[in-house]
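For reference, the structure is listed below as structure tokens.
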Amino acid sequence: MHQANIHLNQWQPDNPQWMKQRTEEWAHIKANLNKMHPRIPRRSQRFHKQLFFYGIVDPILSDLDAMMRENIAPPFPGYLPFFKMWYLPQPSAAAFKEIFEVEERLNPLSLSRSALFYVFDDMLFSSDYGMCGGREELMVKTFIPNFDHQQCLVQGRQKYYFNLVPDSVLKLCVYATLQLLDDGNINPFAPGQYLWDNLNDSSERHPDLIFKKNRDEVSLRMCLRLILDWDDRDDAPKHLAHCAKLRATLLARFEAGDFSPILMKYWQQEKLDYQEGKPSLTY
Amino acid sequence: MEAELDVLCVVEDCNKKNKITEFLNEATRPVLDIEVPAPYRDMFNVLDSLDSVEHSEPHGENMLALSWFLGGGDWYTDTQRTVKDLIKAGATDAVAALWLDGQLEAIFAVMADGEVEMVDDIDQQQLTKMVFEQEDIFGFLNTLVSAKQI
């Protein structure tokens, strides 16, 4: 099996300075791959090195073939594009889109979202490097090219688990934001935090689908309270710049009315409760 | 459930023994084979498949005692592959003890045909008693290796 890497010009294995920088990043990657064990066998790491340092895809493909011969399930759907994006030396929306489009012809890439949202827990990657060194936002935007989940559905199998239906958008977005605003002890680039526009879109198009359970509404209200009482809380992670930035961005957007009527209704309710000194909702 | 693996391997060549130690320790192992002198590149590429050891030390004149924390996974297969890779890397013999949650689970040895098999002709109760009497798993593994070599 041979699959050419489409961005080979980005690799500079003959450049000692470039290799030094790659070696430094590899230490973070190796630590994260170890956290992904046993889903990603430790034996596979040497094949990952070939892609990361030299842009060579074949060893990972051979490794996947060997797993299939031994009746071992592939680590997760969309394994190859996930790592192609992670290891791309110069990540960009255009390059990720190109990887996406090449891979989409071979496999339904809606399944690849599982790696970002379902396979690995955000709590595992609370170091400054996060899971993919900050490439998470671009990966989210690449793997979810449209806000409307109905348009994303047709790009892959109609398998709900891996598709972002409105209530799962809410869960993923609110869970990541809650954690970042509460104590910040998760991946600083937790993919769910980049779903606010998707959540906004879902709340406008599919208001009947977004809150399937009372618990979902409570989660959203708890999240909104953490935006509101940020300055009051001694334990808010104000020392973490990415958490402070997320809070400031969300506060500005809600105060500017930059969200759908249904989300703004929850904001106004929570703001009123906060101003009246009512305690935050809990599960 | 957590697994640990102890391996005692025989490495007659002192340079090879040092290289195996270097290539398996996190602090000293190279990242890429281009950093490795040509005569040891094959050895490095074999050992690069293995996780870094938690502990390593010489045992007697020509042996290495190696310990890994295995975490989750298929521990039996991992053990067999680890021992096979040590043989490929230059060890002439090896015996392994697999522990699950602190309890001795199985002993593995290299068979005459080169395969790595679980040693099942040792009574488990007797084995456990012997290990505790030795108070040192590598001392016990040493008795197994020595018995094979006689």
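The values are calculated or read from the model by the stated rules, or taken from the named source; none is laboratory data. Remember, predicted model here, so these are calculated numbers, not experimental data. Here the Cβ is made from the backbone with ideal geometry for all residues, glycine too, and neighbour counts use every protein chain on show.
Assess whether A:Arg105 counts as being closer than 28 Å to B:Ala3 by Cα, part of a helix (DSSP H, G or I) and either free of Cβ contacts under 8 Å to residues at least 40 places away in the same chain or of a type in the set (Val, Ile, Thr) (or both). First the steps, then the outcome.
On the way: closer than 28 Å to B:Ala3 by Cα: no; part of a helix (DSSP H, G or I): yes; either free of Cβ contacts under 8 Å to residues at least 40 places away in the same chain or of a type in the set (Val, Ile, Thr) (or both): yes.
Taking the combined requirement at face value, the residue does not satisfy it.
Step by step: first the residues of region A:14-46, then only those that are touching a Leu at 6+ places or on another chain (Cβ under 9 Å) and over 24 Å from A:Asp121 (Cβ atoms), then the one that is nearest to the other protein chains (Cβ to nearest Cβ). Which residue is that?
A:Thr23
Out of (1) part of a helix (DSSP H, G or I); (2) within 30 Å of A:Gly134 (Cβ to Cβ), what's the single condition that is false for A:Asp231?
(1)
Here are some residues: A:Ile56, A:Ile72. Which one is among the β-branched types (Val, Ile, Thr), within 13 Å of chain B (Cβ to nearest Cβ) and exposed (fewer than 14 other Cβ atoms within 10 Å of the Cβ)?
Values: A:Ile56 fails: exposed (fewer than 14 other Cβ atoms within 10 Å of the Cβ).
Just one listed residue meets the conditions, A:Ile72.
Looking only at region B:57-79, which residues are surrounded by fewer than 19 Cβ atoms within 10 Å (Cβ to Cβ) and either within 13 Å of chain A (Cβ to nearest Cβ) or not in a loop (DSSP other than H, G, I, E, B) (or both)?
Taking region B:57-79 and keeping what is surrounded by fewer than 19 Cβ atoms within 10 Å (Cβ to Cβ), we get B:57-58, B:60-62, B:67, B:69, B:71-74, B:76-77.
Of everything in region B:57-79, those that are surrounded by fewer than 19 Cβ atoms within 10 Å (Cβ to Cβ) and either within 13 Å of chain A (Cβ to nearest Cβ) or not in a loop (DSSP other than H, G, I, E, B) (or both) turn out to be B:Glu57, B:Pro58, B:Ser67, B:Phe69, B:Gly71, B:Gly72, B:Gly73, B:Asp74, B:Tyr76, B:Thr77.
Mind checking which residues of region B:80-92 are buried (at least 20 other Cβ atoms within 10 Å of the Cβ) and either more than 10 Å from the chain's Cα centre (by Cα) or in a strand (DSSP E or B) (or both)?
B:Ala89, B:Gly90
Evaluate region A:203-218: report whether one residue or more is crowded, with 19+ Cβ neighbours inside 10 Å, among the acidic types (Asp, Glu) and more than 22 Å from the chain's Cα centre (by Cα).
No, region A:203-218 contains no residue that is crowded, with 19+ Cβ neighbours inside 10 Å, among the acidic types (Asp, Glu) and more than 22 Å from the chain's Cα centre (by Cα).
Hey, among B:Asp93, B:Asp6, which residue is within 22 Å of B:Ala147 (Cβ to Cβ) and touching a Cys at 6+ places or on another chain (Cβ under 9 Å)? Steps first, answer last, please.
Details: B:Asp6 fails: touching a Cys at 6+ places or on another chain (Cβ under 9 Å).
Going through B:Asp93, B:Asp6 in turn, the sole match is B:Asp93.
Does B:Ala112 fit the bill of being surrounded by fewer than 20 Cβ atoms within 10 Å (Cβ to Cβ), of a type in the set (A, V, I, L, M, F, W, C) and either farther than 26 Å from A:Ile72 by Cβ or over 11 Å from the mean Cα position of the chain (by Cα) (or both)?
On the way: surrounded by fewer than 20 Cβ atoms within 10 Å (Cβ to Cβ): yes; of a type in the set (A, V, I, L, M, F, W, C): yes; either farther than 26 Å from A:Ile72 by Cβ or over 11 Å from the mean Cα position of the chain (by Cα) (or both): yes.
Against the criterion (surrounded by fewer than 20 Cβ atoms within 10 Å (Cβ to Cβ), of a type in the set (A, V, I, L, M, F, W, C) and either farther than 26 Å from A:Ile72 by Cβ or over 11 Å from the mean Cα position of the chain (by Cα) (or both)), B:Ala112 qualifies.
Considering only residues of region B:1-15 that are away from chain A (no Cβ under 14 Å) and touching a helix residue (DSSP H, G or I) at 6+ places or on another chain (Cβ under 7 Å), which is surrounded by the most Cβ atoms within 10 Å (Cβ to Cβ)?
As a first pass, look at region B:1-15 and keep what is away from chain A (no Cβ under 14 Å): B:4, B:6-15.
With the extra rule that they be touching a helix residue (DSSP H, G or I) at 6+ places or on another chain (Cβ under 7 Å), the set shrinks to B:6-11.
Details: B:Asp6: 21, B:Val7: 24, B:Leu8: 24, B:Cys9: 27, B:Val10: 23, B:Val11: 23.
Here the residue is B:Cys9.
Just wondering, is there one or more residues in region B:27-46 that are more than 14 Å from chain A (Cβ to nearest Cβ), surrounded by 13 or more Cβ atoms within 10 Å (Cβ to Cβ) and either within 21 Å of B:Gly71 (Cα to Cα) or among the charged types (D, E, K, R) (or both)?
Among the residues of region B:27-46, not one is more than 14 Å from chain A (Cβ to nearest Cβ), surrounded by 13 or more Cβ atoms within 10 Å (Cβ to Cβ) and either within 21 Å of B:Gly71 (Cα to Cα) or among the charged types (D, E, K, R) (or both), which makes the answer no.
Can you go through A:Leu111, A:Leu138 and tell me which one is on the phi < 0 side of the Ramachandran plot, assigned to a helix (DSSP H, G or I) and at pLDDT 95 or above? So that I can check it myself, show each step before the final result.
Details: A:Leu111 fails: at pLDDT 95 or above.
Only one candidate passes the filter, namely A:Leu138.
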